[in-house]
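The values are calculated or read from the model by the stated rules, or taken from the named source; none is laboratory data. Just so it is clear, the structure is predicted and the values come from calculations on it, not from any experiment. Ideal geometry is used to build each Cβ from the backbone, glycine not excepted, and the neighbour counts take in all protein chains shown.
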Amino acid sequence: MGHIQFKEVFLRKDKLMYTLLLLNGGLGSRFGGGEPKQLVRINQIPMFIYSLRAALSVSAISRIVINYPSGWKPTFKHLLRDYGLLERVEMTSAGSSRQDSVRKMLDYVKDDKNQLVLIHEAARPLVDEADFQKLIDFGGENVGFSIEIPFTVLELDEGKSCLQKSLDRNLLCNVQLPQKFNRDSLYKAHKRAASDNVSFTEDASLIHHYGEKMQFIEGFPENIKVTNSIDRRIAEFLFDEKNRHHDE
Amino acid sequence: MSRDEIAESVVLITGGSRGIGYATAEAALNQGASKVIIVARESQDLLEAEAKLKVIAKDPKRLGVIIADLGSSQGPLDVVKKLFHDKINVDHLINNAGYTKPAPLFEAELSDFKKTMSVNVYAPFLLLQELLRVGNNLSTVVNIASTAGIQGRSGWLTYSASKAALIALSESLRAELAGEGINVVCLSPGRCATDLRKTLAPEEDPNEIMQPEQVAQVIMMYLSGLGRLIDSENIVVRT
């Protein structure tokens, strides 16, 4: 006690350590204002900071890589410095798509001694230490969070005008991040997807496509994805509620 | 992890050479803090405080003294630089250093007002910001405001304004740092027998008002696990 940890990380030999890849490279925004949505402020604090803070409190995460959208490095670097996080995370540039970004980040950490990676997205700022820990504590190598879909989803034809197929809601799930993966398996799958020129909206589908087992555990409904101003207001409410509980 | 207790914790106290700051340093050492660091300008008071605290500390490693001028914008940054260099993680930050030069509106100098704001408002802000930026895990911040920040009096405008600012700053910090697990406490002592009080009310008999040791006991309660149970806004301490 009394001695600061600063940049040191306690590496325990008996414990598997993880690398977190934080997807922060999107340029799209439904908020307007011409800024990537990761910069949108929740209770005045940039959205992407929350996920980093949560990850930094997880002792099994020993390395954090965050990407940034092309042209936005100075902005993110400046904010990381302001929040005292610059020395604690590594920055890398985003790819041309989400999938390309993940592949680039996996390439960046491919020689790391951490065999397991966690993938999270900055647009889910309500993730907390317990979410990461639940994923880490669950036995499997490729594991994600899912929650129930409370509404009906249908498959339309290509013209999006006629019903093609009804889907059994009981078999569907809402996929949440973070997810954890065996790094080499995911990297291999990504390289194959790149050479096959196929794309997926997230990594569970991708790794499953190439024959790996992907497991799901129950996620947390509060871990919402913030993509527009209504989500942002809900997130602020949830944070206020969480802080009140913290106090209590 | 930061600590919710006094025993085995590191306590940083600004303005630790006299008054409430000194009494808090004594109390924290007596209650088993692993280290108490006082920050003050060079003075005879500081030398005497250091000598007395050394006796209480027994082990010289339990006492730290950092000489700094908190009235300058560089002072607080230098304090953190020193702590960082020595690899010391502060658990409890007590922003106690205060300055006043009372003067009525027609006589008040802007330079004095600025100095009052620098010591009483900007220094707590800079110390906290810089500590967190370098990765210090903090458990508690105690800002020593004043009842003068709630109710002004003729001639106290610069001091009252600075303490009102500190109270409001503390409220904002409480909301902002709640998710980080940092407990922000704002205490507003009423009339307390300190040198600063002598400047504000030279005619008063210091024996008839609250003693610094009493305020120090309230601070100790906030540094203990008990402090977390109190959902405090600005807390007035007076006899």
task: Consider only pairs whose beta carbons are under 6 Å apart and that are at least six residues apart or on different chains; among these, list those whose first residue lies in the range A:4-28 and is on the phi > 0 side of the Ramachandran plot and whose second residue is modelled with pLDDT of 85 or more and surrounded by 10 or more Cβ atoms within 10 Å (Cβ to Cβ).
output: A:Phe6/B:Gly135
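Anything in the range A:135-164 that is of a type in the set (Gly, Ala, Ser) and within 24 Å of A:Leu206 (Cβ to Cβ)? List them, or say none.
Selection gives A:Gly139, A:Gly140, A:Gly144, A:Ser146.
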task: Residue by residue through the range B:116-172, note down the ones that are within 14 Å of the chain's Cα centre (by Cα) and more than 30 Å from B:Leu105 (Cβ to Cβ).
output: B:Leu127, B:Leu128, B:Thr140, B:Val141, B:Val142
- prompt: Residues A:Asn174, A:Asn170, A:Asn142, A:Asn223: which one is at pLDDT below 95 and surrounded by 15 or more Cβ atoms within 10 Å (Cβ to Cβ)?
  reply: A:Asn174
query: Limited to the range A:33-54, what total is found for residues that are away from every other protein chain (no Cβ under 14 Å) and within 23 Å of B:Ala175 (Cβ to Cβ)?
result: 4
message: Quick test for you: out of B:Ser17, B:Ser72, pick the one residue that is in a loop (DSSP other than H, G, I, E, B), away from every other protein chain (no Cβ under 14 Å), polar (S, T, N, Q) and surrounded by fewer than 19 Cβ atoms within 10 Å (Cβ to Cβ).
response: B:Ser72
message: Anything in the range B:75-98 that is assigned to a loop (DSSP other than H, G, I, E, B) and free of Cβ contacts under 8 Å to residues at least 24 places away in the same chain? List them, or say none.
response: B:Asp86, B:Lys87
- prompt: Considering only the range A:62-78, how many residues are under 21 Å from A:Lys225 (Cβ atoms) and in contact with a strand residue (DSSP E or B) (Cβ under 9 Å, 6 or more places away or on another chain)?
  reply: 7
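What do you reckon, is B:Gly149 away from chain A (no Cβ under 14 Å), in contact with a Lys or Arg (Cβ under 6 Å, 6 or more places away or on another chain), of a type in the set (Gly, Ala, Ser) and buried (at least 19 other Cβ atoms within 10 Å of the Cβ)?
Working: away from chain A (no Cβ under 14 Å): yes; in contact with a Lys or Arg (Cβ under 6 Å, 6 or more places away or on another chain): yes; of a type in the set (Gly, Ala, Ser): yes; buried (at least 19 other Cβ atoms within 10 Å of the Cβ): yes.
Yes, satisfied.
Do we find that A:Ile149 is in a strand (DSSP E or B) and either under 25 Å from A:Thr227 (Cα atoms) or hydroxyl-bearing (Ser, Thr, Tyr) (or both) in this structure?
In short, no.
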- line: Restricting the range B:194-235 to residues that are in contact with a Pro (Cβ under 8 Å, 6 or more places away or on another chain) and not in a loop (DSSP other than H, G, I, E, B), the one surrounded by the most Cβ atoms within 10 Å (Cβ to Cβ) turns out to be B:Val215
task: Only residues that are more than 14 Å from chain A (Cβ to nearest Cβ) and surrounded by 18 or more Cβ atoms within 10 Å (Cβ to Cβ): list them for the range B:110-126, please.
output: B:Lys115, B:Thr116, B:Met117, B:Ser118, B:Val119, B:Asn120, B:Val121, B:Tyr122, B:Ala123, B:Pro124
message: One residue is enough: does the range A:90-102 have a residue meeting the conditions surrounded by fewer than 18 Cβ atoms within 10 Å (Cβ to Cβ), within 14 Å of chain B (Cβ to nearest Cβ), closer than 21 Å to A:Ile45 by Cα and of a type in the set (D, E, K, R)?
response: no
- prompt: When you go through B:Lys54, B:Lys101 one by one, which is the residue that is more than 14 Å from every other protein chain (Cβ to nearest Cβ) and assigned to a loop (DSSP other than H, G, I, E, B)?
  reply: B:Lys101
